[in-house]
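The values are calculated or read from the model by the stated rules, or taken from the named source; none is laboratory data. Since the structure is predicted, the reported quantities are computational estimates derived from the model, not experimental observations. Note that each Cβ is placed from the backbone with ideal geometry, even for glycine, and that neighbours are counted across all protein chains shown. Calculation scope for accessible area: heavy atoms of the full protein, side chains included, ligands and nucleic acids excluded. Shrake-Rupley method; radii C 1.70, N 1.55, O 1.52, S 1.80 Å.
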Amino acid sequence: MNPAGAYPATRSQTTTPTKPSAAMPPPNVPNPPATDRFEPLLIRAVDDVTRTRGSSSPGDVDAVIVGRHMEPARGARFSDHEPALDPSVRRRLGVDRLWRHQVDALDAVLAGRSVILTTGTASGKSLVAQGAIAQACAGERPGSALFLHPTKALGHDQLRALSAFDFPGVVAAAYDGDATDTERVWVRRHANVVFTNPDMLHVGILPRHGQWKTFLRRLRYVVVDEAHTLRGVFGAHVAHVLRRLRRLCAEVGTEVVFILASATVDDAAHLASVLTGIDDFVVVDDEASPRGERVVAQIDPPLLDAATGARLPAHQVTAAIGAKAVTSGLRTIVFCRSRRTTETITAAIRRLVAPGLADMVQSYRAGYLATERRAIEAELTSGRLLAVVATNALELGIDIGGLDVCVIHTFPGTISSFRQQIGRVGRSGEPSLAVLVAGTDQLDRYLMDHPSELVTRPPERIVVNPANPEIEDPQLQCAAAESPLTPADERFWGDDLADAIRRGVIADRFRLRHVASDGAPSSVRAVSTGHGHPAGRIGLRSGSGRECRIIDATGTLIGTADLERATTTLYPGAAYVHRGEAFRVVELDLDQATATVEVDDGTTTTRADSSTELEILDTDDRWETDGFAVSVGPVAVHHEVTGYTRIDVLTRRTVDHVPLTLPASTLRTRAVRYTFDPTTIDEADLDGDALAGSLHALEHAMIAMLPLFAICDRWDVGGISTAWHRDTQRATIAIYDGYPGGIGIAELGFAAADRHLATTGELLTTCGCRSGCPSCVQSPKCGNGNEPLDKAGAVALARLASRSLQVGPNRR
């Protein structure tokens, strides 16, 4: 029985033939420039929406297409040599020549060096792992390999791709939550290439490492796909899981080589090192695959009301552009941020195109069966579908062939994600078009006012903090349960291991055992306390090790969340969204650590009404100037939810307020703090309510702009602002990590304080509203109902703080 056998064949690094379309030139005729090909499409779409949907400036195309950037065509580049792959492996790979970045990566991997590849979507990263693994499995001493994927769907896609090559000696199979007990036994006994995910490695493989001893002894390669998704709490947990894997392999005499595949990120070597604990990674980031010309355009939906700043909804503009592309015969992908928007835009495009084309438009999102997803992918690749409207499920490396147009409904949150999405088009060598349709969020508005930033800004730095004790300590208990910890394990966890073990002894996670050797001093080993392996009690997406289980009325697990954050996110009546599907919390049981939810129509969302106090516990670093200071360090956030507000999703209007009585909670985390001296406040001419509103408005805007400097979401952080803080004795803004112990966001905010403040000031001054709007200072998560807010005062404070930092801060 081979679970991989049922998958149909696919091939990497090949171009699937597409059906001719009206927009494609006849054979042997040079392609027109991309601008000539796509500009009429954009103009027609924009003209339609401005003339027919009540714009205050009909026909003003230039006011709507705010940015156009041409990325020139890129030819393939090859190496002056071929990697040391066996000829039989080369033949089965089915490519004439490997691109240079593939050769560079294979050279390093075959020499025993760990590699991180950070080239674009569909640039053949998978082929590097496939070739190296095929060679390892067919050698005189056959090796094994482990693939880790962030989603089961992607893992099965990659399993299908590897199986299609039919490499001699390769027995590949999936070991995940979908595998039956019988299949899992078969995989352990027979497979030498295992596809799984970090969660299963954590809870299903490492705790049972005795059953995997032969596999681990032969383990040659560990492939971590989509490594850029391993960030925040999840990334920190995975970093420890990978160290636990390395440690168990070392105990059976194996030193594994890692192959990390990632989107373009800032400082890829640092990311690889933090995730694996290995310092000497080879970084391969000079992409050599071909690409056609690409036009990147930014669309600002037409203004409907100059007084309020209201604009045409982004989904209408997105649907209009998608429909024009489909009508022109262009193979199109539309990216959306939610399941509901995906279905809304799919229906709108179908209404706008001719009846014969409506069936060639399909949605693609989480929740579809694997067979349904594969059918859609095959139809899109073959040309039977002209357009797919997708959530970020298709942002990851699933093979869907060459596409012509990518339309992105509102900024996806990070430059890295934006590049991943537009990388879906232009791979066939044809010209392509990528369009961002802006929403009302602060990041969207900033990028409309600074269009060049979208194409010139470097990718964000990924936040991973394995040193967080809330994550490190329970993970080390897992490691001790697998094999007692000794001082020699500092090679995996560094100099902090001794401190972590001391914390574990105090918390009764470990007990120390002295082991005597003949004629040698006794050694100390830390063993796990308690019964059974602790992995089953430690979720990889929880920052505290204490999880609240989110279940439906039948007890089916929907998801998990930090128990310490449950009262602020899972209170009775709260809207909860999981993989794009809307739920409503019916009951929160803190004693049982469960929140019961029911399916909701998703027409309203909720915002907790709350009171928050922040206590500064210590200061680790500080910059100080005349009139202004920035510091970072541990804090305690005392939070009490007093009720919630229901808000209409479409209109953003308040539906009602519901009071609640819930126990207060305390979050121990880390924060970056901004303090303003009285001289600065006087210069800004602020006092009383004006000062409170100014600080509050600046806090909101700074939280909204933080994702430009760290890969995070505004929901990953919290903030407080006050005209006088008892610990600083100053007017203060604090932005804190929303996870116990902190995940590194505060440190990145501190390091980027000058750029962060300057960018926030630009957002505030360029927003055309008079007194504040959702595009600058209003926040959808404000626990005080966005009151009070003073935009003019926020502009003054940002200007003065930026000026102080430019003069040159002193470190204390």
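Which of rounded, prolate, oblate describes region 182-313, given a ≥ b ≥ c as roots of the alpha-carbon gyration tensor eigenvalues and a/c under 1.5 marking rounded, otherwise prolate only if a/b is larger than b/c? Kindly include the intermediate steps, with their values, before the conclusion.
Details: a/c = 2.63, a/b = 2.17, b/c = 1.21.
Prolate is the answer for region 182-313, as a/c is 1.5 or above and a/b outweighs b/c.
Let me check something: with ligands and nucleic acids excluded, how do Leu476, Leu805 order by accessible area (1.4 Å probe), largest to smallest?
The ordering from most to least exposed comes out as Leu805, Leu476.
Assuming a ≥ b ≥ c are the square roots of the Cα gyration tensor eigenvalues, decide whether region 196-271 counts as rounded (a/c under 1.5), prolate (otherwise, with a/b larger than b/c) or oblate.
Prolate, since a/c reaches 1.5 and a/b exceeds b/c.
Which trypsin sites (Lys or Arg not before Pro) from region 668-730 combine a DSSP loop assignment with at most 15 other Cβ atoms within 10 Å?
Hits after loop and neighbour filter: Arg726.
Could you size up the charge dipole of region 660-780 around its Cα centre, putting +1 on the beta carbon of Lys and Arg and -1 on that of Asp and Glu, and report it in debye to the nearest 20?
360
Specify which residue in the list Leu201, Ala191, Leu219 is farthest towards the positive end of the charge dipole of region 178-220, using unit charges on the beta carbon of Lys, Arg (+1) and Asp, Glu (-1), about the Cα centre.
Looking along the dipole axis, the top candidate is Leu219.
Whole angstrom only: what separates the Cα centroid of region 618-662 from the Cα centroid of region 740-791?
12
Which of the trypsin sites (Lys or Arg not before Pro) across region 451-502 are loop residues per DSSP, with 14 or fewer other Cβ within 10 Å? Kindly include the intermediate steps, with their values, before the conclusion.
Working: sites: Arg461, Arg491, Arg502; in loops: none.
For trypsin sites (Lys or Arg not before Pro) across region 451-502 that sit outside H, G, I, E and B with at most 14 neighbouring Cβ atoms in 10 Å, the list is empty.
Under 12 Å from the Cβ of Ala690, count the other residues' Cβ atoms, weight Lys and Arg +1, Asp and Glu -1, and hand me the total.
Local net charge: -3.
Can you give the Kirkwood hydrodynamic radius of region 581-722 from its Cα pairs, in Å with one decimal?
18.1
What does the C-alpha gyration tensor say about the overall shape of the chain? Classify as rounded when a/c is under 1.5, otherwise prolate if a/b is larger than b/c, or oblate. Don't skip to the answer; put the middle values down first.
On the way: a/c = 1.64, a/b = 1.06, b/c = 1.55.
Cα axes put the chain in the oblate bin.
For the chain, which cysteines have no disulfide-compatible partner, meaning no other cysteine Cβ under 4.7 Å?
Isolated Cys, the chain: Cys137, Cys249, Cys336, Cys406, Cys478, Cys548, Cys712, Cys782.
Suppose only helical runs count, i.e. DSSP H with n ≥ 4. What mean residue ellipticity at 222 nm does that imply for the chain under -39500 (n - 2.57) per run, divided by all residues and rounded to the nearest 500 deg cm²/dmol?
Working: 26 runs with 271 residues, N = 812.
Dividing the helical sum by the residues of the chain leaves -10000 deg cm²/dmol.
Please list, ordered by chain and number, the residues whose modelled amide H lies under 5 Å from the amide H of Ala582; skip anything fewer than 5 residues away on the same chain.
For Ala582, the qualifying residues are Asp600.
For region 435-585, what percent of Cα pairs sit more than 24 Å apart? The partial results should precede the final answer.
Details: 6457 of 11325 pairs.
So the pairs more than 24 Å apart make up 57 percent of the total in region 435-585.
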